[in-house]
Structure formats: C-alpha cells, structure tokens
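One structure is given below, encoded as structure tokens.
Read-outs: derived from the displayed coordinates by stated rules, not from any lab. Since the structure is predicted, the reported quantities are computational estimates derived from the model, not experimental observations. In this analysis, Cβ positions are derived from the backbone assuming ideal geometry, glycine residues included, and neighbour counts consider all displayed protein chains.
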Amino acid sequence: MAIFFSQLPKIVFLSVIILAASYLPIPSLLSRSLSRLTQLKQHLSFNPSPALPKPPAIARPDRKFATMAYERELEIALLAVQRATLLTKSVYSSHSKGTLSKSDSSPVTIGDFGAQALIISSIKHAFPEDEVVGEEDANDLRQNGGLKDLVWDLVQKAKLEDSAAEDRIGGPIQSPDKMLDALDSGGSEGGAKGRIWALDPIDGTKGFLRGGQYAVCLALMVDGVPTVGVIGCPNLPVDDQAPLDSSIGADADGKEGKGVLFGAVKGEGASSRALGKGTLQAEQSIKMKPLDDITQATFCESVEAGHSSHGDQAAIASKLGITKPSVRMDSQAKYASIARGAGDLYLRLPTSKTYQEKIWDHAAGVVLVQEAGGEVTDAWGKPLNFSVGRTLKENKGVVAAPKAVFPRVIDAVKEVLDAKQ
Ligand SMILES: *[C@@H]1O[C@H](CO)[C@@H](O)[C@H](O)[C@H]1NC(C)=O
C-alpha cells in the first residue's frame, strides 16, 4: 500500500498522458506519447522517488483536467432549473388534462410562483450572500390562500429523483412560510456590483399556454456582466441539429425526444443536454452554425407582434437577401436555438420608443450565444448594459448573430432603422 502511495503522482501523470493521447487524433502524437509512456514505465520500476516533470499542457483543454471557473454555480443553476422546469411541465399537464379547475388561477401564475420559489431557494441554499432579481414577490400568495395552497402543493411534489442531486440544491422547501420567504428574496434592484442572479421562471407565457416554446431562465451576473447562463426548454428537440421550422412555435408539448437544458459560463463555452429528472444528463458542447452564405440564414423572432417589429425584421431579412421564412417562437428558446446552430440569427426590433427590455429576458441567452461564437448587441450595435437596474434601459432592441456575419447584420438593421427616422 505504501508503495502504491509513493507511486501515486506517477500513476496520476500516466493517466493524464493516456487521456491526453486519446484526445489527440494525430497518430504521430499518439505514438510519441506511447514511447514516452514506455520510458516512464522503466523509470517507474527502477527509480522510485525523483520528482516528475510537470504534466505537459494539453492541446484541447478539457474540464476533466482543470477546474472550470464558476463550475459550482453552473451545476447548482442547472439542477435548480431542471427541478423548476419539471414543476412547470407538471402544471402544464394538469392544465391540459383539465385537472386545474376553471376557478383556479391561471396555470402560468401557478407555474411562475412555484418555479421561482424553487429556484430562489436552491440559490439561497448554495450561495446565501447572492442577490436575486425575480419578477414575482409573495404578496399575491399572502392575499390569496387558495393560490398559495395550489403552489405549495406543486412545490412539495417537485423533487429530483436522485437524492444526492436534490441535496445539492438544498432538498425540498420545508414549509409554506419558507416558500413565501424564498419568493420575497427575489426583490434585488440589480446593479453594477456583486453577484446578482436574474431569474425568469416562465419566460414565454403565451408559448407555455399553447404548448409551444417557453423557457425557465437563470443567469448569474457578476459586477453587471452576465457570467453564467442556464436555460431549460422543455419543448425544444433534444437533437441540437434538428432543423427549425415554423411548427416549433406551437403544439410541441408531449412529443418524444423533447426537453433540453442549456448551460454556459463566460470564457468556458456552452453546452446542451437532455432535460432529466434526477442527476444531470451527459452534455455536449454547442456552437453556432458557420454561416458561409447569409442568404441561406434562418432567422428567429418572437411570436407576439407586440414584442418585436415583424415588419422591420422582414425588411432587414430582405436587405440581407434572406429568402427563408422566419421561425417564430416564444421565449429565450430563440437564443438557445441559434446558439446550438439550429437557427442563425435572432432579431428583436423595438416596437415602441418607451419599452424597456427586462434583464431576466436576456441575460442567460446572451451568455449562451456569446459562448457559442456569437455576438449580441442592441439594434444600434451598442453592447447590452445589464448593470443599470432591472431593465436594459440604455438599450433598444436586440440583435444576435454569429461573429463572422455580425457587422453585415447590424449594418442592415441600422439601414432599416435609419430609413424610419
Ligand atoms: C453601463 O452603464 C453605466 C452607467 O451609464 C456605465 O458606467 C457603464 O460603462 C455601462 N457599461 C456598458 C457595458 O456599457
């Protein structure tokens, strides 16, 4: 046993070499690694204790070899969003089966409160000092006991099937009062300092109601910069490559192969995985599609004409020579869809001079697109400023596209906006 421990550094080094070799596809490198291995083996058996050289840098950095920044934040956010997404699915199915009576509050309201309580309680368990910007507070539930009971019932049932995963996010909420407390902890005003989570428990409420796209969205902002982004999309296809078509925006619920969890950390890349019920499923990294010919682009826009100007977006598409019809869907599923390369562009042109976008409608999606190789600005090409409160009050509209074509897209957007001035 003592010999085993004295050899431990070498055993670790050997494992690193073997793993590194398996990541490098080039045969010459592989054979070099193998001969190095043989030398090491001899070294190991004859000369038990001299210091070993530092393991070589690995060409493709992998999370197995280096701890990733914000790894714990990402894991907690993924588990918390997964659990809350399961709650929203259960609200939807009891609604569509008619088990929520007509006199009950809207399923969106119930799902919103339930998902927000679960996510805030997970964050506060893991990171008690962090602030949260959420849409709801507990006042409505305090005034409406029936609604409170409905939400509490759902919150109690929403448990991850894996107890270790459930423990990681603090386990079930202990009492109705604790649920109200969690809801009330979402009142941060945002700002430019410290760690602030932006939460949208059901983004895309109309999509949720029609069984189309909606998303459970959570982002950590550090000193006003979106840094960790997680989006649960129960009605998007698991397959990153599945092409987008106009049917995606409606009637997507309950089909096989649906339900995705997206995650990204600034500087660390973006990934997708199937939405599970217990521990996190295996992930794969995602990238935007290289767009060699912009006329072949697929662009995404909101379903609701009130949220963005369909007319301006059509004019921009035609300036760029895009002939495919737009794909309309609700929620930050649009950011997720372009980040995974299923679509290419996301255009959200302002419909009014006074509307201010909410930070929780964009923060998570922005991290995802940036980490998948894209750029996001407002309609005038200004960076989105998440550090000025609960809204993006310094910005108008949103444009997201792969970096390589971004300048062309923003030029077309400006031309269309200038022509209207
Ligand atoms: C955001 O706005 C604040 C206040 O106007 C400003 O100081 C800061 O530089 C802005 N940040 C970005 C990224 O534009």
- Task: Would you mind checking which residues have amide H under 5 Å from residue 391's amide H? H placed 1.01 Å from N; only 5 or more apart, or other chain.
- Result: 359
- Query: Which aspartates and glutamates have a Cα less than 19 Å from the Cα of residue 277, not counting those fewer than 8 places away in the same chain?
  - Reply: 75, 153, 161, 162, 166, 167, 239, 253, 256
- Note on the structure: In nanometres, the difference between 0.36 nm per residue of separation and the alpha-carbon distance of residue 305 and residue 164 is 46.4 nm
- Under the Karplus relation 6.51 cos²θ - 1.76 cosθ + 1.60, θ = phi - 60°, what is the ordered set of whole-Hz ³J(HN,Hα) values for the range 70-86, x standing for Gly and Pro? 6, 4, 5, 4, 5, 4, 4, 5, 5, 5, 5, 5, 4, 5, 5, 5, 4
- Simple spin-label estimate for residue 385/residue 277, 7 Å along Cα→Cβ, in nm, reads 4.8
- Query: What pairs in 358/393; 287/396; 159/206 have C-alpha atoms more than 19 Å from each other?
  - Reply: 287/396; 159/206
- Task: For residue 327, enumerate residues with amide H under 5 Å from its amide H, sequence gap 5+ or separate chain, H modeled in the peptide plane.
- Result: 299, 300, 301
- Query: Once the convex hull of the C-alpha atoms of the range 146-246 is built, how many Å³ does it hold per residue, rounded to a whole number?
  - Reply: 167
- Stokes-Einstein D for the range 294-419 (25 °C, 0.890 mPa s, Kirkwood Rh from Cα pairs), in µm²/s, comes to 173
- Query: What relative contact order, as a whole-number percentage, does the range 294-419 give when Cα pairs under 8 Å and 6 or more residues apart are counted?
  - Reply: 27
- Message: At R0 = 30 Å, how high is the FRET efficiency between residue 403 and residue 246 if r is their beta carbon distance? Nearest 0.05 is fine.
- Response: 0.65
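Defining a contact as two alpha carbons under 8 Å apart and six or more residues distant in sequence, what relative contact order in percent does the range 227-376 show?
Relative contact order for the range 227-376 comes out at 31 percent.
Just want to confirm a number: the relative contact order over the range 163-224, from Cα pairs under 8 angstrom separated by 6+ residues, in percent. Present the calculation step by step, with values, prior to reporting the outcome.
Working: 57 pairs, mean separation 19.0, N = 62.
About 31 percent, as a whole number.
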- For the range 71-285, take the alpha-carbon Rg, divide it by the Kirkwood Rh, and send me Rg/Rh. 0.95
